[in-house]
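Taken together, the values in this text are just the output of simple stated rules run on the coordinates, not laboratory data. Because the structure is predicted, anything quoted here is derived from the model rather than measured. As a convention, Cβ positions derive from the backbone with ideal geometry for all residues, glycine included, and neighbour counts pool all protein chains shown.
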Amino acid sequence: MVPNDRRAQVQDVRSQRSGHAALTADPIGCDPSIAALIQELQGADHRQGQRVMERRVMTAAGERTFIVIRSPISPEGGMVVVCQDTTNERAISEMKNDFVSMVSHELRTPLASIKAYVEMLIDGEAQDEKTRSDFYDVIQNEANRLGRLIDNILNISRIESGVARTNMEAQTLDPILDDAIGVITPQAQEKKITIINRRSPVNYQTSIDREMLYQAVLNLLSNAIKYTEIGGKITVETSVDVVRKVVLTRIIDTGVGIPPKDVPYVFDKFYRAEANNRIAPGTGLGLALVRHIIETVHKGRVFVESQIGQGSCFGFELPTFTS
Amino acid sequence: MNEKTILVADDESHILNVVSLKLRNAGFHVLTASDGQEALDLAIQEQPHLVITDYHMPNLSGLEMCRRMRQNERTNKIPAIMLTARGYHLDPKDTAESGILRMLSKPFSPRHLLATVNEVLEGKAA
């Protein structure tokens with residue numbers, strides 16, 4: 001806030017909230033571009049009444065956006081000018097817009113298939129039983145894909161806001177892996193991708209919320225298919241580390257891999273590796289949800305290793321159940 | 001029987017299959033490509049009468065593919081229809097300059113797509 005009286009004193013009454021640009025009481029001592037903005041506001045004609053404007057200022061630390069509210073307080077010319085640094089709010093709002101646009105694209109893709117195939121069936125364009133049966137499969141699989149996307153969006157917000165109800169039970173991972181592989185197989189077959197099982201013969205129980213863990217595994221498998229080229233391989237591997245008392249699951253693909261600079265961030269919400277964005281669109285939610293499910297809900301740990309052109313290995317470990 | 005050849009480019013195999021079947025049932029000869037570069041190569045080689053393309057594809061976007069078709073004398077007269085879930089992000093000037101005569105947004109109706117194809121081929125969309 002810049003209370004501005006006739007002697008042109010500027011006081012900085014900045015709040016302690018983080019991320020605000022340095023507006024100091026001494027315009028000469030602060031960033032020159034902000035000083036210039038303050039001086040310009042001091043020189044404004046007070047007879048204009050209250051004005052609200054948005055100003056973008058290029059500071060040494062980058063571009064910042066201010067909402068400037070200028071209010072005259074006395075007939076002699078004093079005025080109060082409030083400069084609110086809205087840079088972060090704007091960045092969040094842009095991120096939200098990008099997210100909405102990505103989600104709508106992701107929702108439209110399976111919906112487009114469903115609508116087109118249904119119309120073809122209605123119009124009698126599928127002329128033999130085999131084609132019709134293929135069409136029913138496409139509609140069913142795409143409806144499932146749409147359902148999974150909606151589950152991802154809902155669950156991430158539920159877990160983040162802490163309202164997710166969990167149902168933890170001691171059980172083994174294998175049936176969950178089997179179910180997820182079963183559901184994802186049509187998608188893999190479409191790209192002639194082979195799914196190989198390399199499971200540990202020893203089954204340890206872990207404390208699991210079945211529905212959530214199933215969703216996490218499905219997200220990992222569906223990503224592996226998305227980024228693996230036609231004819232590739234996906235290996236689902238489990239092992240037990242008896243020393244650390246954890247059950248490990250690895251999903252290893254022969255896909256495009258992740259650029260090293262992106263690897264540390266792939267589990268972050270909304271993060272999308274630029275190179276992979278060109279291969280397949282996505283919301284940047286799938287892996288963030290996997291991390292939440294494994295780390296927040298199951299007190300486990302996620303990990304990733306990747307080599308460009310060789311493939312990626314996404315995995316998680318869960319503590320073994322101790323009663 | 002319609003002798004005309006149409007090239008369809010989309011990285012979603014379901015869309016590629018459904019569009020191909022609709023066009024084949026209507027008597028067209030259909031070529032398919034699942035990425036932008038493959039589509040461009042096929043267009044130059046086969047010189048189809050029309051191209052139907054998605055926007056978001058690996059290697060080369062649908063828009064860039066159409067732009068490059070304009071720059072090649074073998075393909076610079078071929079009209080294009082864009083079928084995309086992101087149509088509203090594209091500048092109409094860019095699409096017009098790239099020979100894209102119609103934009104259809106996904107979800108789409110195969111029936112409507114076929115009607116649009118016929119209009120474009122009959123020169124009504126120019």
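Over all distinct Cα pairs, what is the inverse of the mean 1/r for the range B:5-108, reported as the Kirkwood hydrodynamic radius in Å?
Hydrodynamic radius (Kirkwood, Cα only) of the range B:5-108 equals 13.2 Å.
For peptide B:3-14, what's the mean number of Cβ atoms from other chains within 10 Å of each residue's Cβ? List each step's numbers first, then the result.
Numbers: counts 0, 0, 0, 0, 0, 0, 0, 1, 3, 5, 5, 13.
Averaged over the peptide's residues, the number is 2.
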Label point at residue B:105 placed 7 Å out along Cα→Cβ; residues across the range A:101-139 whose backbone nitrogen lies under 18 Å | A:101-116
Reachable lysines from residue A:130, criterion Cα separation under 25 angstrom, eight or more residues apart if same chain | A:115, A:191, A:192, B:22
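How large is the charge dipole for chain A, taken about the Cα centre, if only the Cβ atoms of Lys, Arg (+1) and Asp, Glu (-1) carry charge, to the nearest 20 debye?
Here the size comes out at about 660 debye.
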Hits among aspartates and glutamates - C-alpha to C-alpha of residue B:77 under 20 Å, sequence gap 8 or more where chains match = B:3, B:38, B:41, B:46, B:54, B:64, B:94, B:97, B:119, B:122
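On average over all directions, what projected area in square nanometres does chain A have, based on the convex hull of its Cα atoms?
Numbers: hull surface 98.9 nm².
Quarter of the Cα hull surface area: 24.7 nm².
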Taking amide hydrogens as modeled 1.01 Å from N in the peptide plane, which residues meet the under 5 Å criterion relative to residue A:285, leaving out close sequence neighbours?
-> A:270
Run through the DSSP bridge list for the protein assembly as shown and note the antiparallel percent, rounded to the nearest 5.
-> 70 percent
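Given Cα pairs under 8 Å that are at least 6 residues apart, what percent is the relative contact order of chain B? List each step's numbers first, then the result.
On the way: 222 pairs, mean separation 27.3, N = 126.
Worked out over chain B, it gives 22 percent.
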FRET efficiency for residue A:121 and residue A:189 from the Cβ-Cβ distance with R0 = 25 Å, rounded to 0.05, comes out at 0.70
Listed residues A:66, A:99, A:267; largest mean-square fluctuation, Gaussian network over chain A with Cα springs below 10 Å, found at A:66
Using a cut-off of 26 Å between alpha-carbon atoms, which lysines can reach residue A:96, once sequence neighbours fewer than 8 places away in the same chain are excluded?
-> A:226, A:261, A:269, B:106
Extension gain residue A:301-residue A:205, at 0.36 nm per residue separation less the Cα-Cα distance, in nm?
-> 32.9 nm
Using a Gaussian network model of chain A whose springs link C-alpha atoms within less than 10 Å, name the residue from A:156, A:67, A:258 with the highest mean-square fluctuation.
-> A:67
Convert each backbone phi in the range B:95-104 into a coupling constant with the Karplus relation 6.51 cos²θ - 1.76 cosθ + 1.60 (shift: θ = phi - 60°), then list the ³J(HN,Hα) values in order as whole Hz, x for Gly and Pro.
-> 5, 4, 5, 9, x, 8, 8, 9, 10, 10
In a Gaussian network model over chain B where Cα atoms closer than 10 Å are linked, find which of B:107, B:48, B:79 has the largest mean-square fluctuation.
-> B:107
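Let me know the mean shielding of A:99-107 by other chains, meaning the per-residue number of their Cβ atoms within 10 Å of its Cβ. Let's see the in-between values first.
Numbers: counts 0, 0, 4, 1, 0, 3, 7, 1, 2.
Counting Cβ atoms of other protein chains within 10 Å of each residue's Cβ and averaging gives 2.
Which whole-number percent is the relative contact order of the range A:215-268 (Cα, under 8 Å, 6+ apart)?
Details: 52 pairs, mean separation 18.4, N = 54.
Relative CO of the range A:215-268 lands at 34 percent.
Given the Cα atoms of the range A:189-258, and with Rh set as the inverse mean 1/r over their pairs in the Kirkwood sense, what is Rg to Rh to two decimals?
The Rg/Rh ratio comes out at 1.02.
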Step through the residues of the range A:250-260 one at a time and calculate ³J(HN,Hα) from phi using the Karplus curve (6.51 cos²θ - 1.76 cosθ + 1.60, θ = phi - 60°), rounding each to whole Hz and writing x for Gly and Pro.
-> 10, 10, 10, 10, 10, x, 6, x, 10, x, x
Would you tell me the mean number of C-beta atoms belonging to other protein chains that fall within 10 Å of each C-beta in B:106-116, as a whole number?
-> 4
For the range B:52-62, just list the computed ³J(HN,Hα) in residue order, Karplus coefficients 6.51, -1.76 and 1.60, θ = phi - 60°, integers in Hz, with x standing in for Gly and Pro.
-> 10, 9, 7, 8, 8, 9, x, 6, 8, 6, x
How high is the relative contact order of chain A, in percent, counting Cα pairs under 8 Å that sit 6 or more residues apart?
-> 12 percent
